[in-house]
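Participant: Here it is, the structure in full.
What follows draws every value from the coordinates through simple rules; no lab data is involved. Remember, predicted model here, so these are calculated numbers, not experimental data. With ideal geometry, Cβ positions are generated from the backbone for all residues, glycine too; neighbour counts draw on all protein chains shown.
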Amino acid sequence: MEHLQERLDQLLNQVPDADDIRTRLENLVSVYPFNEYEFIISHLRDTIKYWVQSSHEVENNPHYSKGQHRGNVGEGQLHLRQDNIRDFDKFQVKSNELRHAIIAAYDRERSQRS
């Protein structure tokens, strides 16, 4: 149980609304079989994150690899890992901002290629 609490603290430190979730957890009344960890999983695990970048931004990102496989042509891979995910914060958008973010990335792409 101690390991789960340590892991929870690590995860909560990575979310923008950590204090709100901590408060909700402290005030949670457990109803069998629902418990604190099922609540955590239901609220943290289903979080979907969106990052929007122009093609030029992807190609020039230090975490971009031009070849996924040996002999690869025209196909690359952008490596998002736990140790570099904060490098992408400026590209993160909320789901209700996707349309605007895609249009803005398109405009950036046009200006970056010209």
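Participant: Stokes-Einstein diffusion coefficient for segment 50-92 at 10 °C in a medium of 1.306 mPa s, Rh from the Kirkwood formula over Cα pairs: what value in µm²/s?
Facilitator: Diffusion coefficient, whole number: 142 µm²/s.
Participant: Checking the cross-link filter: which aspartates and glutamates have an alpha carbon closer than 18 Å to that of LYS66, excluding same-chain neighbours under 8 positions apart?
Facilitator: GLU57, GLU75
Participant: Here is a further query. Report the net charge of residues surrounding LEU80, where surrounding means a beta-carbon distance below 15 angstrom and charges are Lys +1, Arg +1, Asp -1, Glu -1.
Facilitator: Around LEU80, the surrounding residues sum to 0.
Participant: When a/c reaches 1.5 or more, the comparison of a/b and b/c decides; with that in mind, is segment 65-113 rounded, prolate or oblate per its Cα gyration tensor?
Facilitator: oblate
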